[in-house]
Every structure is written in structure tokens, then in C-alpha cells.
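Report on the following structure.
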There are 2 protein chains.
Amino acid sequence: MRIVLDAMGSDACPHPEVEGAILAVQAFGDEIILVGDETQVRPLLEAQGNPEKIRLIHAEETITMEDKGLKLALKAKRKNSKTSMAIGMDLVKNGEADAFVTAGNTGGALTTAYFRLGVIQGVERPGLTALVPTKKGFCVVLDIGANPECKPEHLLQFGIMGSVYAEKALGMTRPKVGILSNGEEAGKGNTLVKEAYPLLQASKLNFHGNIEGKELFGGEVDVVVTDGFTGNVLIKASEAVAKLLVELLKEGLMSSTRTKIGALLAKPAFDTLKTVLDPDEIGAAPLLGIDGLVFVGHGRSNAKAIFSAIKVARNAVEAQLINAMGSAIQQQLQDIS
Amino acid sequence: MRIVLDAMGSDACPHPEVEGAILAVQAFGDEIILVGDETQVRPLLEAQGNPEKIRLIHAEETITMEDKGLKLALKAKRKNSKTSMAIGMDLVKNGEADAFVTAGNTGGALTTAYFRLGVIQGVERPGLTALVPTKKGFCVVLDIGANPECKPEHLLQFGIMGSVYAEKALGMTRPKVGILSNGEEAGKGNTLVKEAYPLLQASKLNFHGNIEGKELFGGEVDVVVTDGFTGNVLIKASEAVAKLLVELLKEGLMSSTRTKIGALLAKPAFDTLKTVLDPDEIGAAPLLGIDGLVFVGHGRSNAKAIFSAIKVARNAVEAQLINAMGSAIQQQLQDIS
């Protein structure tokens, strides 16, 4: 198995990428192909004694967090694009690698993947996915931003793709699928939700019905489908609430000697919270519907997070996720024809 | 000034209502009219020596948290409805009281208000409002559930109504108004957001542009407008995230003797957090656009929260909120005609 790793993705790149790649080679023994600026990456590899099984491919350009709009589209689409994302995904496209992992610009990864790898036959819209921490573990939420406007059929396909991912790559059995709504009862929702509900109900999915934030974060379902506008608002608001609470807690804990001592003693409890809030174990989430394995991790990824990202990508390769997803989508198209 | 208080609203009713009413009479000296089941409320008042300035009006029915659909509509609309909400709001309608306060079923209050008080002339849709805690204080968010489908003009009116409320009743100067979106840049958003943006920009509002969760909880704006579907998802997800974090923190703190002692010492920090998460000071939020002052508090309200709810209702009465809102809406209609 060969995983391509974008060396220029994370905020602190290429350090976490090089260290994460070394951890992965040590753990799995497979080749890792780093794609990025040779002048930055080579010295780091040399400092580590040029680890075996890590190959470096030079890429002179990078898609930054600022790239968007036409500029991004051109960087992503150009045949001879020199960005690390384009070069890396082309390796997957040409069968020279099995999956692409980046901690870079999510929109950049999606746009590059769309132009270079295309979508799985029958998939109407690829979806951005997040693994959201819940009381019971994690749940797969999509779409979180690729498609601000969705049709009911898109939500059905998100359900199918999320379900295949949860089952094949995350090892969940008969994943429960819910539609994010403003009320649990059938009949609640906006027009999109109301029209998507019967489609998911009539499908072969393990459909749980509508869910609200309570059920999502309570871990009552494994897959949550929503349009990319609502999903994006959900994810960003959740992160912002968590950040606000942690800030207020920190301020409170630092406000007196008494609370400082308390904080020191209670540290293990805060460490648990930190694991849930910024889970390096998640590593990365897939772009579902793209005809090739592409995983996007957080810009704040450290070496451990990069290692985890490579690990989840490996799971998806082993599970032959793209084939499984293609079959599920073909099955769906047959069911409705 | 006379405030009508639904005695049958909160989860623990009528205890918090009776105690909250007594606190309010002591603090403000104005009459409070309690509306509710005499057999339950009278004994509580007698136990307190029948406090002066608290009047009790019997209501044999209650809108419960389970009431919805046609049953709720009938309870709300019937001319001779015997619910505490209907009887209480009729007092406002007839000029016998200045504002209605309840900690009961929000949908029930909205439906009852819609049928009994109607909407302010020119208002297309009333909006459910929430006061959301932020890093800098509070922000007014609407709509959080009355209208799952909205038109751009509705978002503009939510901005006007929210702005008038923030200025007149909450004392904010030139409140900054933002549209909840999946990106800050103009041009980001779903169709509704994209079409609402120029309307708010062309208005006399202090328009800040699009905002995301980060800006909302960071306190960068005073008023956030959104459709009732997205707003509802936002509020419920935020509450669920906060609840999950607090649960995980509690579990962590209770997991060993060391962390238990730490928790005891750090208690002041947790108390600050609690104030933000379950702020009795907020008391209640108004139904904006209804032609009469109606405030809805949380079902979990205690006496202090009921007292705060009465206080915010008093502020709105003193600010002549309904008149101010009517003028602002008339001004808007003139501006566009």
C-alpha cells in the first residue's frame, strides 16, 4: 500500500507531516510518498537520516488557506498544475498510490479532487464529511460545506455514502442514519428535509428519522445528513461554543490561587475534555463521492494527528471503500429505476 | 404597570412563578397578575400570607409541552379558550395588562399570541428570539424556529425587529446586525442568504455582513438573523455541545479523589461557567413582531429566572417596544415603496 501525504498542508508544515510520515512507516511498514517543496522537506528528512520507505516528490506550488474562487479553480484544474495537492492526487488517479492525505485547505482539496479524480459514477454531489465527537464516540456528518444548496436526492446519497464509510472504514454495524432537523417528528423540517425523509425511509438504509442537536451529540445515530449550509453552520457553531466554554473555564481557573491549585489537581479531567475537543485520533475525514480516496485533516494537525490521518486512510484502502461506495450507489440507482 | 404571569408555564410550576412574582412585587412595586389553576396557586399564595399586589385569575386549562398541531391551534384560537396563555394574553389585548410572561411551551405561546394578539402592521412573519451568551455578553438571534422557510424580506424584517429590541429594551447603541452564513465573505451562503444580504446592506441597519459561529459566540455582533430552520439547529446544537462538555467535565472531575479535591477548590470557576450556560439573568426572550409584549422563558426557570423574565418584560414596556417596532417597520415599508 502507498499513501501520498501532502507535505504542505498543516499550519506548521512540513514538520508535522515529516514526523507523522516517519511514525506511519515505523508502524505500518508501507511506503509514504511526501509531496511538497523539496527545499523545505529534504532537510527535515536528512536530519532524520533519510528514513527508508519515505519518498519525496517535489511540488513547487502550494494551495494556501487563502486560495479561493477562480485562482483556486485554476490551480486545481490546470493540466500541468504544480501544487502538492494536484501532483499528489494525480498519483492516486494514475494508480501509483492508493490514497491522498492532506491537512490543508479543505475547499482546495475538494476542488482539486473534483477536477483531477472526478466523482464516482452515479454520484450527483460529493460531500464534505466531519467526524463529530459524541457522548458515545463519533458520528459521521455530511455535507458540511461542499453544497450550500441541496436536493432531497443529494441527502439520500449522502446517507448511502456516509453509511458505507461508517460500516466499511469505521467498523460500525448497520449504521443508523438521521436527518438533521428542527424537530424529531416526521413532518418537521424545511422543504428539503420533508422531501428527503420519505426517500431515506424507502431506502435500504438503517434510517432513524429526524434528529436534533441533542441526539447528534448524545450519539444516538452514526451518520447525520444535512445540506452543506446547515452542516457548515452546525460544525462551526459547535466548535465556537466549545472554544468559548474552554476559554471561560480557563479564565475562571486562572483567576485565583485557590482555583489554580484546583486546576492542577483536576488536570486529568481537563485532559479528557481536550481529547474530545481536539482529537488527534480522528486524524482526517474523507471527501465522500470522489472517485479516489482523499482525506482532509485539520490545519492544526500535529505529528500524531497526521499519523492518525494516514491510519484512517489505510483503513479505507483496506476496506476497498471506493468499490464499496460505487456498488452501493449503483444499487441505489437500480432500486429507483 | 401590570405584568401578566402564566402561573402554569415552568416545569416546576406554579412554585417558581409564585416565588418569582413575589420577588418582582417587592422589587418593583407594580401589580403582577398570575393566571393559572386556582387550586394549585391559591394555597401557595396563602402560605405567603396572600402578598399584596398579586392578583390571581383562574384558568382551568394549560398548554402543556406535549400540545402541538391542531389540538394546540384550537386551544390557542378558540374564542372562549380557558388556557392560562389565552386568558393572560387577552388581558394584554384588552389593555388590562402591559405584557405577558410565560416559561411554558414556546410553540404554544407563539400560536396563542398569533391568534389572540396578531402581528404588528406591516410585519410579514413574527420571529422566535433567543438571547445567546457570547464572550462579550449576549446577542439576539432570530428566527429560532417560528418559520422553517423564510424569504429574504423576512430576514430583513428580523434584522429590523432584533435591532429595535436590542436598542430599546437591552440598551445597545446602534446594534450590529449579521446574517448567519457558511462563510464571512459577501457572496457566501445559500440562496436565501445571498438574496437577503443586499437587502440588509441597503437598509438603515448597522449591517456587519455575514457571520459564522466564531463571530457569533465571540460577540462580534449584537443581532443575528437566520431562517427558523437554521436558527433552531444552531440553538439546539449549541445547547447540546455545552451539555456534552459539562457532562464529560463532571465525569472527569468525579473520577478520582485527586480530581474531586481539585473540583472543590476550582468551584468558583465552574460557577462562572454555570452562569453563562444557564443564565437565570436572561429570564426570557420576546416574540418579536407580535402586536403585544409576550416573553417566553425556559421551562427550567426557577424563581430568579421568573423574576428576571418579569424584569426584561418591564424594560420592554418602559421602552414602548411595540410602538418603536411599529414605527421602524412603517419606516422600512416607506423606504422600499
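What to note about this one:
- Test: residue in the range B:181-199 that is surrounded by fewer than 23 Cβ atoms within 10 Å (Cβ to Cβ) and in contact (Cβ under 8 Å) with a residue 60 or more places away in the chain: no
- The set of residues in the range B:200-224 being surrounded by 19 or more Cβ atoms within 10 Å (Cβ to Cβ) and at the interface with chain A (Cβ under 8 Å from one of its Cβ atoms) consists of B:212, B:213, B:216, B:217.
- The range B:252-264 - residue that is touching a helix residue (DSSP H, G or I) at 6+ places or on another chain (Cβ under 8 Å) and not small (Gly, Ala, Ser) and, of those, surrounded by the fewest Cβ atoms within 10 Å (Cβ to Cβ): B:254
- Answer residue from the range A:156-176, given it is among the hydrophobic types (A, V, I, L, M, F, W, C), farther than 18 Å from residue A:295 by Cα and under 18 Å from the mean Cα position of the chain (by Cα) and is farthest from the other protein chains (Cβ to nearest Cβ) among those: A:160
- Within the range A:263-277, considering residues that are modelled with pLDDT under 85 and facing chain B (nearest Cβ under 7 Å), the one nearest to residue A:248 (Cα to Cα): A:273
- Residue A:151 being more than 26 Å from residue B:191 (Cα to Cα) and touching a helix residue (DSSP H, G or I) at 6+ places or on another chain (Cβ under 9 Å): no
- Residues of the range A:227-242 that are small (Gly, Ala, Ser) and either over 18 Å from residue B:141 (Cα atoms) or outside any helix (DSSP H, G or I) (or both): A:228, A:231, A:242.
- The test for being surrounded by 18 or more Cβ atoms within 10 Å (Cβ to Cβ), touching a strand residue (DSSP E or B) at 6+ places or on another chain (Cβ under 9 Å), more than 14 Å from every other protein chain (Cβ to nearest Cβ) and aromatic (Phe, Trp, Tyr) does not hold for residue A:138.
Every residue, every condition in (1) aliphatic (A, V, I, L, M); (2) out of contact with any helix residue (DSSP H, G or I) (no Cβ under 6 Å at 6 or more places or on another chain); (3) in contact (Cβ under 8 Å) with a residue 40 or more places away in the chain, yes or no:
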{"site": "B:237", "(1), (2), (3)": "yes, no, no"}
{"site": "B:246", "(1), (2), (3)": "yes, yes, no"}
{"site": "B:266", "(1), (2), (3)": "yes, no, no"}
{"site": "B:282", "(1), (2), (3)": "yes, yes, yes"}
{"site": "B:319", "(1), (2), (3)": "yes, no, yes"}
{"site": "B:324", "(1), (2), (3)": "yes, no, yes"}
{"site": "B:331", "(1), (2), (3)": "no, yes, yes"}
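- Members of the range B:230-254 found to be within 7 Å of chain A (Cβ to nearest Cβ) and either of a type in the set (S, T, N, Q) or closer than 18 Å to residue A:210 by Cβ (or both), listed by number: B:230, B:232, B:233, B:234, B:236, B:237, B:238, B:239, B:240
- Per the listing A:194, A:204, the residue uniquely out of contact with any Phe, Trp or Tyr (no Cβ under 6 Å at 6 or more places or on another chain) and in a helix (DSSP H, G or I) is A:194.
The values are calculated or read from the model by the stated rules, or taken from the named source; none is laboratory data. Small disclaimer: the values here were computed from a predicted structure and weren't measured. For neighbour counting, all protein chains shown are included, and Cβ atoms are generated from backbone atoms with ideal geometry for every residue, glycine included.
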